[in-house]
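Remarks on the structure that follows.
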């Protein structure tokens, strides 16, 4: 997908499906506390699609809001996932599986801290700090899950996505 042009119809449909895949896989893994495939998928999407990874991210966030509604917990999704796309774009040429896994793990560990500004805006520093600190055990699980999933599955996900794009030639 060339990033200097608008997406084709095929690319838009693919991006919508990729966003839905992220949502469905997160639901499928919901029985595991704070272990989810979204970080892995956002990294894979960005590595292959570039800035167009924002399309499946928007679909994923939109589905979250349509199913679960909008609240303090979800307000950070407006910047958390685009921020991950920006970080992945900065490191897009990195070839190290371990490097990608470390990025994913660090993002999971910092997830609560990254969401804390929403609580600071609505309840002040005490609310933000207490919310973040109380969620650290979940952030640790998030970090471990992100690290392992990315270490094992990033390359197969990137390879599959490249094949999906090549198979159609990126043309509508």
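Summary of computed values
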| item | result |
| --- | --- |
| Any pair with Cβ under 6 angstrom, 6 or more apart, that starts in the range 125-136 at a residue that is under 16 Å from residue 109 (Cβ atoms) and ends at one that is part of a helix (DSSP H, G or I) | 131/119; 132/112; 132/113; 132/116; 135/112 |
| Where residue 154 falls short, out of the listed (1) assigned to a loop (DSSP other than H, G, I, E, B); (2) at pLDDT 95 or above | (1) |
| The range 94-112 - residue that is free of Cβ contacts under 8 Å to residues at least 24 places away in the same chain and either touching a helix residue (DSSP H, G or I) at 6+ places or on another chain (Cβ under 7 Å) or not in a helix (DSSP H, G or I) (or both) and, of those, surrounded by the most Cβ atoms within 10 Å (Cβ to Cβ) | 94 |
| Residue match in the range 74-93 (condition: at positive phi and either touching a helix residue (DSSP H, G or I) at 6+ places or on another chain (Cβ under 6 Å) or modelled with pLDDT under 95 (or both)) | no |
| Yes/no for residue 140 being within 22 Å of residue 33 (Cα to Cα), touching a helix residue (DSSP H, G or I) at 6+ places or on another chain (Cβ under 8 Å) and either at pLDDT 95 or above or part of a helix (DSSP H, G or I) (or both) | yes |
| Conditions (1) surrounded by 14 or more Cβ atoms within 10 Å (Cβ to Cβ); (2) free of Cβ contacts under 8 Å to residues at least 12 places away in the same chain; (3) within 25 Å of residue 24 (Cα to Cα); number of the one not met by residue 71 | (1) |
| Unique residue being within 30 Å of residue 6 (Cα to Cα), touching a residue at least 60 places away in the same chain (Cβ under 8 Å) and touching a helix residue (DSSP H, G or I) at 6+ places or on another chain (Cβ under 7 Å) when the list is 154, 149 | 154 |
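Each row is one residue, and each column tells you yes or no for (1) surrounded by 19 or more Cβ atoms within 10 Å (Cβ to Cβ); (2) without any contact (Cβ under 8 Å) to a residue 40 or more places away in the chain; (3) assigned to a helix (DSSP H, G or I); (4) touching a strand residue (DSSP E or B) at 6+ places or on another chain (Cβ under 9 Å).
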residue: 11; (1), (2), (3), (4): yes, no, yes, no
residue: 20; (1), (2), (3), (4): no, no, yes, no
residue: 23; (1), (2), (3), (4): yes, no, yes, no
residue: 30; (1), (2), (3), (4): no, yes, no, no
residue: 41; (1), (2), (3), (4): yes, no, yes, no
residue: 44; (1), (2), (3), (4): yes, no, yes, no
residue: 49; (1), (2), (3), (4): yes, no, yes, no
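The values are calculated or read from the model by the stated rules, or taken from the named source; none is laboratory data. If you're wondering where the values come from, they're calculated on a predicted model, not measured in any experiment. Cβ coordinates were reconstructed from backbone atoms using ideal geometry, including for glycine residues, and neighbour counts include every protein chain displayed.
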